[in-house]
1. Scan segment 88-142 for residues that are closer than 24 Å to Gln41 by Cα, outside any strand (DSSP E or B) and among the aliphatic types (A, V, I, L, M) and report the count.
2. In the set Ile108, Ile100, which member is among the β-branched types (Val, Ile, Thr), open to solvent by 40 Å² or more (accessible area, probe 1.4 Å) and in contact with a strand residue (DSSP E or B) (Cβ under 7 Å, 6 or more places away or on another chain)?
3. So is Gln35 within 25 Å of Lys155 (Cα to Cα) and open to solvent by 70 Å² or more (accessible area, probe 1.4 Å) or not?
4. Looking at segment 139-155, can you tell me whether even one residue there is in contact with a Leu (Cβ under 8 Å, 6 or more places away or on another chain) and within 20 Å of Glu34 (Cβ to Cβ)?
5. Could you tell me how many of the residues in segment 1-44 are at pLDDT 90 or above and either out of contact with any strand residue (DSSP E or B) (no Cβ under 9 Å at 6 or more places or on another chain) or not hydrophobic (A, V, I, L, M, F, W, C) (or both)?
6. With respect to Thr126, is the statement that it is within 21 Å of Lys26 (Cα to Cα), surrounded by 15 or more Cβ atoms within 10 Å (Cβ to Cβ) and of a type in the set (Val, Ile, Thr) true?
7. Could you list all residues from segment 77-87 that are in a loop (DSSP other than H, G, I, E, B) and among the polar types (S, T, N, Q)?
Amino acid sequence: MKKAIYILFLLSWLNNYSQSESPQLKIHTFSELEQKYKMQQKPVIIFVYTDWCKVCFAMKNTTLKNKKLVSLLNNQFYFSMLNGESKKNITFLNKKYTYIATGDNTGIHELANELAAKNRIIAYPTTIFLNKRLEIETQIVGFSKSKKMIQMLKKMLLLN
């Protein structure tokens with residue numbers, strides 16, 4: 001019985017310890033972004049993805065969980081995620097964006113299209129870097145490793 005209690009205690013301690021080690025990425029809604037931006041201007045990073053995209057899923061579970069990257073994003077940037085096929089209306093920078101159906105059970109969100117499209121084509125995932133004036137500085141299409149992302153973020157901080 002003592003062994004079982006000891007093992008349970010050890011497992012709960014390890015669980016609590018492992019959870020406190022990894023910082024959580026602060027993900028803001030677009031209305032939160034606007035409110036926070038009014039209080040303090042910081043560059044904004046937006047990750048545009050879809051639920052069916054395997055590359056998006058992989059990036060969410062690797063790159064966006066890197067401790068150094070999460071710390072940098074939380075401290076120096078505002079971060080948001082946008083499902084490119086979301087059917088929710090979003091108001092951002094005094095403009096209302098909606099879902100546009102393009103066929104049977106397919107469509108794109110206007111905000112995703114405005115932020116992530118290059119030559120009127122959108123690919124998933126796309127990571128958008130907005131400068132302190134909320135202008136698109138860079139768009140990175142596809143999977144980005146955490147090392148590359150950290151380099152890009154540091155470069156962006158130097159430009160702002």
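1. Final tally of qualifying residues: 6.
2. Ile100
3. no
4. There is no residue in segment 139-155 that is in contact with a Leu (Cβ under 8 Å, 6 or more places away or on another chain) and within 20 Å of Glu34 (Cβ to Cβ).
5. Looking only at that region, the number is 16.
6. yes
7. Correct list: Ser86 only.
Yes/no per residue for (1) surrounded by fewer than 16 Cβ atoms within 10 Å (Cβ to Cβ); (2) under 19 Å from Gln139 (Cα atoms); (3) among the hydrophobic types (A, V, I, L, M, F, W, C); (4) under 15 Å from the mean Cα position of the chain (by Cα):
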| position | (1), (2), (3), (4) |
| --- | --- |
| Gln40 | yes, no, no, no |
| Cys56 | no, yes, yes, yes |
| Lys60 | no, yes, no, yes |
| Lys65 | yes, no, no, yes |
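The values are calculated or read from the model by the stated rules, or taken from the named source; none is laboratory data. Fair warning: this is a prediction, and the values are worked out from it, not measured in the lab. Neighbour counts are summed over all protein chains in view; Cβ atoms, including those assigned to glycine, are modelled from backbone coordinates with ideal geometry. The accessibility values were calculated without ligands, DNA or RNA, using every heavy atom of the protein model including side chains. Shrake-Rupley method; radii C 1.70, N 1.55, O 1.52, S 1.80 Å.
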